[in-house]
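Where a number appears in this text, it was derived from the coordinates with a stated rule and is not lab data. It should be emphasised that the depicted structure is a prediction, and the values quoted were computed from it without experimental measurement. Because the Cβ atoms are built from the backbone with ideal geometry, glycine has one as well, and the counts that use them run over all protein chains shown.
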Amino acid sequence: MISAIALFCAVPLVAQVPQARTLVEEGRYDEAKRLLVPLSKDAEALHLLSRIAMLHADDEAAADFCRKAVQLQPANAEYHYCVGNAVRSVVQHASIFKKPALSKETLQELGRALELDPNHLPARFALLDYNLYAPAIAGGSEEKALEQAAEIRKRDALMGHRAYARVYSRQKKPDLARKELVDAVREDPKSARAHAALGSFYANDDKNYDAAFHELESAIRLDAAYMPAWFSLGQAAATSSANLARGEEALRKYLAYRPKAGEPSHAGAWYSLGMIQEKAGKRPEARQSYAAAAKLNPGSQEMQKALKRVQ
């Protein structure tokens, strides 16, 4: 195995960030950091360091890396979103004295991201979530959350349905939330994304697993290359303790695929696979899957607990 020093020396400067990105995707975080830390004037290197910090549950370090990236490239919407998203996490555990300033920074950075790129949907969803969960004194507002849902719908019909469903779920209006996703399927019955979104709602919100499996299998029949449907199928099998063999098959397909930005992580897939194996009485296999999940997401207490449970 090539040593970390040899790896660093062997990679040309121009290739260090792409190489580090690959290492991050493979869960080789220490090796990635050795390539990235010296690149203190490279905004994308700082962005990747922020991602590693978030995976280690160090949201304060993540926010600092993103702030430095913004200083280097102040017109980059993604980096402003990175700050806002990381600081939004910091707010949740900050002292009462720090919350006001951090809440203000969250809103400012997410707002700036949207000024630079009005079509940045992750920033709009982050702002929607902030408004749903933050108290009014910190700027939270269900009315503003609905405004973001409307803006999302203008840009992507399906994502708009999902945004409204999120608002209605938070308002404890499950019938309206479900209707949004049913309507999405009715509007585009050949959309694998729509069927998968409805299936995930049935599984995660309604706990109606028969309906969930039906919708997720429909999504796969429509487009077997839409890999998030395979992930959701496996996750539903893990949480329902039903269709375990099919769930394991689905998750192994997903683990053979490299997720795109915004898609479920391999850490989540390994974790769900571990759940299936644990429920099937395959403790050694579950141990391996939970270990793989914990390696990819070392900051997850849930994954660490699962690993200890099967030791």
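Once you have a ≥ b ≥ c as the square roots of the Cα gyration tensor eigenvalues for region 14-161, tell me rounded if a/c is under 1.5, and otherwise prolate or oblate according to whether a/b is larger than b/c. Prolate is the answer for region 14-161, as a/c is 1.5 or above and a/b outweighs b/c. Contact order for the chain, expressed relative to its length and based on alpha carbon pairs under 8 Å spaced 6+ residues apart, stands at 9 percent. Within 13 Å, Cβ to Cβ, of ARG155, how many net charges do the neighbouring residues add up to if Lys/Arg are +1 and Asp/Glu are -1? Here the count lands on +1.
Net charge in the neighbourhood of VAL70 (other residues with Cβ under 9 Å of its Cβ; Lys, Arg +1, Asp, Glu -1) is +2. Pairs over the 24 Å Cα-Cα cut-off, from the set LYS190/LYS260; LYS68/LYS98; LYS104/LYS260; LYS68/LYS295; LYS98/LYS154; LYS172/LYS207: LYS104/LYS260; LYS68/LYS295; LYS98/LYS154. As I understand it, the dipole of region 40-135 uses +1 on the Cβ of Lys and Arg and -1 on the Cβ of Asp and Glu, about the Cα centre. Which of PRO135, GLN92, THR106 lies farthest toward its positive end? Going by the Cα projections, it comes out as PRO135. With neighbours defined as other Cβ atoms within 10 Å of a residue's Cβ, the residues HIS195, HIS120 order from fewest to most as HIS120, HIS195.
Adding -39500 (n - 2.57) for every DSSP H run of four residues or longer, then dividing by how many residues the chain holds, sets the calculated 222 nm ellipticity at -23000 deg cm²/dmol.
Apply the a/c threshold of 1.5 to the C-alpha gyration tensor of region 195-311 and tell me whether it is rounded, prolate or oblate.
The shape class here is prolate.
Considering only LEU251, LEU181, LEU116, the mean-square fluctuation computed in a Gaussian network model of the chain, springs between alpha carbons under 10 angstrom, is largest for LEU116. Count Lys and Arg as plus one, Asp and Glu as minus one, and take only other residues whose Cβ is under 13 Å from that of ALA86; the net charge is then -3.
Which of the peptides 206-215, 144-153 is most tightly packed, and how do the rest follow, judged by the mean count of other Cβ atoms within 10 Å per residue?
The densest-packed peptide leads the list: 144-153, 206-215.
Among GLY139, GLY234, GLY268, which one shows the biggest mean-square fluctuation in a GNM of the chain, springs joining Cα atoms closer than 10 Å? Greatest mean-square fluctuation among the candidates belongs to GLY139. Coupling constants for region 306-311 follow from the phi torsions by the Karplus curve (6.51 cos²θ - 1.76 cosθ + 1.60, θ = phi - 60°), and in residue order they are 4, 5, 5, 5, 10, 5 Hz; glycine and proline get x. In region 40-135, Cα pairs under 8 Å separated by at least six residues give a relative contact order of 23 percent. Taken one residue at a time, the phi angles of region 266-271 give Karplus couplings (6.51, -1.76, 1.60, θ = phi - 60°) of 5, 4, x, 5, 4, 5 Hz. Gly and Pro are set to x. Taking 0.36 nm per residue of separation and subtracting the Cα-Cα distance, full extension of the segment from ASP188 to GLU60 would add 41.9 nm. Ordered by the number of other Cβ atoms lying within 10 Å of each residue's own Cβ, fewest first, PHE97, PHE125, PHE201, PHE65 fall into the sequence PHE97, PHE125, PHE201, PHE65. With r defined as the distance between the Cβ atoms of GLU249 and LYS308 and R0 fixed at 25 Å, what FRET efficiency is calculated, to the nearest 0.05? Rounded to the nearest 0.05, the efficiency is 0.35. Only Lys, Arg, Asp and Glu carry charge here, each on its Cβ (+1 for the first two, -1 for the last two); on that basis the chain has a dipole of about 540 debye about its Cα centre.
For semi-axes √(5λ) of the Cα gyration tensor in Å, pick the label among (1) 31, 28, 18; (2) 26, 23, 22; (3) 35, 22, 20 that corresponds to the value derived from the coordinates. Here the calculated entry is (1). 3J(HN,Hα) couplings calculated from phi for region 179-187 with the Karplus curve 6.51 cos²θ - 1.76 cosθ + 1.60 (θ = phi - 60°) are, in sequence order, 4, 4, 7, 5, 4, 4, 5, 5, 5 Hz; Gly and Pro show x. As a rough footprinting exposure proxy, the listed residues LYS68, LYS179 were ranked by other beta carbons within 10 Å of their own, and the order from fewest upward is LYS179, LYS68. A Cβ-based charge dipole, computed about the Cα centre of region 40-135 with Lys and Arg at +1 and Asp and Glu at -1, lands at about 220 debye.
Between ALA61, ALA94, ALA177, the residue with the greatest mean-square fluctuation in the GNM of the chain (Cα pairs under 10 Å linked by springs) is ALA94.
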